[in-house]
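Peer 1: Take this structure, written in structure tokens, and hold onto it; I'll ask about it next.
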Amino acid sequence: MLFRRVLVLSFAVLLCSASLAAAGKVLILDYHTFLGTRTSTIDFSPAEFAGQLDRFLALGYRFVSLEDAIAGRIEGEMNLALTIDDGNHTVFQAETEVILPRNIPSTLFIYPAVIWSTPHFLRQEQLRALMQRGCAVGAHGYHHNYMSAKAYARDPADVRDEAARPAASLLRLTGQSPSLFAYPFGVAGQEAVDAVRKAGYSWAFLADDHFTFVDPSDPALDHWRVPRTIVYRWNRAALFTFLEKRAASVSRP
């Protein structure tokens, strides 16, 4: 009887160890526009963007889909997920000429008001074409208004609308209802989190300049406050330094 208990315990330990070994972490990168005018700190030319992606790959990092990451279908410490906010018209060229030829999955967070109203953003047919090529689409508010605690105190209805309105519009635009939400400006007060959960999204994402790898399978991770890293012109050197050091550390036996 004692031998059987020891055997069962040993087997459980092995299963736990295997589960821990299989757990994966991911750094979620957040890009915006690809104009190449150097007038914005969140803008890069397509050539600059391509160079950054190639450098990530050369360091040994792999790009995984955000869907695979949050579903726990990743392993290891060297995962990156690519997200692009807003839906600027330059995203189509970046996807077509830079991202898709490298077989990199991406998630586009769109606020649908701009798709209907301005030529400076993706057209409906472009958005659908990108989805047909494998791009995922999530919601990014409706008008891209702030959803902070201060914004809620100023206009509660507006914050609730930012959470509630985009799903139906994106369904009309794309034929699919989004399950992922990225807070406009990367900021969310508790009321905004509550509104996003009530609207039926399964995951929601913040954004700032911090370099934070997350384990989506960690039960302590808040599914409605998942960090992302905004890639700015001023923090890209620090980002690569961070990733180089991490790659060297992970590669050690």
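The values are calculated or read from the model by the stated rules, or taken from the named source; none is laboratory data. If you're wondering where the values come from, they're calculated on a predicted model, not measured in any experiment. Cβ: placed from backbone, ideal geometry, glycine included. Neighbour counts: every protein chain shown.
Peer 1: Touching a Leu at 6+ places or on another chain (Cβ under 8 Å), modelled with pLDDT under 95, β-branched (V, I, T) and farther than 19 Å from Y232 by Cβ: does that describe I115?
Peer 2: yes
Peer 1: Just wondering, is there one or more residues in the range 98-112 that are out of contact with any Leu (no Cβ under 8 Å at 6 or more places or on another chain), in contact (Cβ under 8 Å) with a residue 12 or more places away in the chain, surrounded by 16 or more Cβ atoms within 10 Å (Cβ to Cβ) and of a type in the set (G, A, S)?
Peer 2: Checked the range 98-112: no residue is out of contact with any Leu (no Cβ under 8 Å at 6 or more places or on another chain), in contact (Cβ under 8 Å) with a residue 12 or more places away in the chain, surrounded by 16 or more Cβ atoms within 10 Å (Cβ to Cβ) and of a type in the set (G, A, S).
A quick yes/no check of all residues on (1) within 21 Å of the chain's Cα centre (by Cα); (2) assigned to a helix (DSSP H, G or I); (3) at pLDDT below 90:
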site: V6; (1), (2), (3): no, yes, yes
site: S10; (1), (2), (3): no, yes, yes
site: L15; (1), (2), (3): no, yes, yes
site: L20; (1), (2), (3): no, yes, yes
site: L27; (1), (2), (3): yes, no, no
site: A47; (1), (2), (3): no, yes, no
site: D54; (1), (2), (3): yes, yes, no
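Peer 1: Across the range 128-142, which residue is farthest from E162 (Cα to Cα) among those that are free of Cβ contacts under 8 Å to residues at least 40 places away in the same chain and touching a helix residue (DSSP H, G or I) at 6+ places or on another chain (Cβ under 9 Å)?
Peer 2: The extreme case among them is R133.
Peer 1: Identify all residues within the range 167-200 that are under 19 Å from T83 (Cβ atoms) and without any contact (Cβ under 8 Å) to a residue 24 or more places away in the chain; write none if there are none.
Peer 2: S177, the sole residue that qualifies.
Peer 1: Mind listing whichever residues of the range 81-92 are surrounded by fewer than 22 Cβ atoms within 10 Å (Cβ to Cβ) and touching a helix residue (DSSP H, G or I) at 6+ places or on another chain (Cβ under 6 Å)?
Peer 2: Selection gives F92 alone.
Peer 1: So which of S117, S148, S169 is more than 19 Å from A199 (Cα to Cα) and among the hydroxyl-bearing types (S, T, Y)?
Peer 2: Just one listed residue meets the conditions, S117.
Peer 1: One residue is enough: does the range 151-171 have a residue meeting the conditions within 26 Å of Q52 (Cβ to Cβ) and modelled with pLDDT of 95 or more?
Peer 2: There is no residue in the range 151-171 that is within 26 Å of Q52 (Cβ to Cβ) and modelled with pLDDT of 95 or more.
Peer 1: Also, quick follow-up: What about R38, is it touching an Asp or Glu at 6+ places or on another chain (Cβ under 9 Å), surrounded by fewer than 16 Cβ atoms within 10 Å (Cβ to Cβ) and part of a loop (DSSP other than H, G, I, E, B)?
Peer 2: no
Peer 1: Tell me which residues, restricted to the range 41-67, are surrounded by fewer than 18 Cβ atoms within 10 Å (Cβ to Cβ), of a type in the set (D, E) and touching a Gly at 6+ places or on another chain (Cβ under 9 Å).
Peer 2: If the condition is that a residue be surrounded by fewer than 18 Cβ atoms within 10 Å (Cβ to Cβ), of a type in the set (D, E) and touching a Gly at 6+ places or on another chain (Cβ under 9 Å), then E48 is the only one that fits.
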